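Structure first, then comments.
The values are calculated or read from the model by the stated rules, or taken from the named source; none is laboratory data. If you're wondering where the values come from, they're calculated on a predicted model, not measured in any experiment. Keep in mind that these areas ignore ligands, DNA and RNA; they rest on the heavy atoms of the full protein, side chains included. Shrake-Rupley method; radii C 1.70, N 1.55, O 1.52, S 1.80 Å.
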Amino acid sequence: MILEAREQGDITENAEYHAAKERQAFLEGRIRDLEARIGMAQVIDPSKLSGDRVVFGATVDLQAADSGERTRYTIVGEDEADAKLGLLSISSPLARALVNHSAGDEVSVKVPGGLRTYEIVAVSFVAVAPAAPAPQPADAT
């Protein structure tokens, strides 16, 4: 991108060149951020954990007090979180409300729709299956 913008002439007045340089700086900053995260990462195997309290890596079966609806979440790091797959970020309001509670406890959490109350039905520690890779588009050749 930068080479293409540079080829368009005087770079002092070349908006495409400046935009490309800004994008490059952003990407270099993002790379540094990701490298730092990788350097500090710790792999935790939930199947090697145990206990009866909700902690990072726990799989929690919940029952909504108002509807009786049951759900299951595994408490994971922010980068692994995907609520649709049942992977709940440790920094989410629900996970923070669940931490240090045990089966049989009721917890309340403020959500955009108001206050929700859940009963913790079970706490377990099982290996989390890796998410399936995203489908790749077919070649148009």
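Of all the listed residues (Ala58, Ala36, Ala19), the sole one being under 20 Å from the mean Cα position of the chain (by Cα), of a type outside the set (Phe, Trp, Tyr) and at pLDDT below 90 is Ala36. Quick one: in segment 23-33, which of the residues that are of a type in the set (D, E, K, R) and modelled with pLDDT of 90 or more is farthest from Asp79 (Cα to Cα)? Taking the candidates together, the pick is Arg23. Taken as a whole, the condition of being under 25 Å from Ser102 (Cα atoms), open to solvent by 60 Å² or more (accessible area, probe 1.4 Å) and either of a type in the set (Val, Ile, Thr) or modelled with pLDDT under 85 (or both) applies to Val43.
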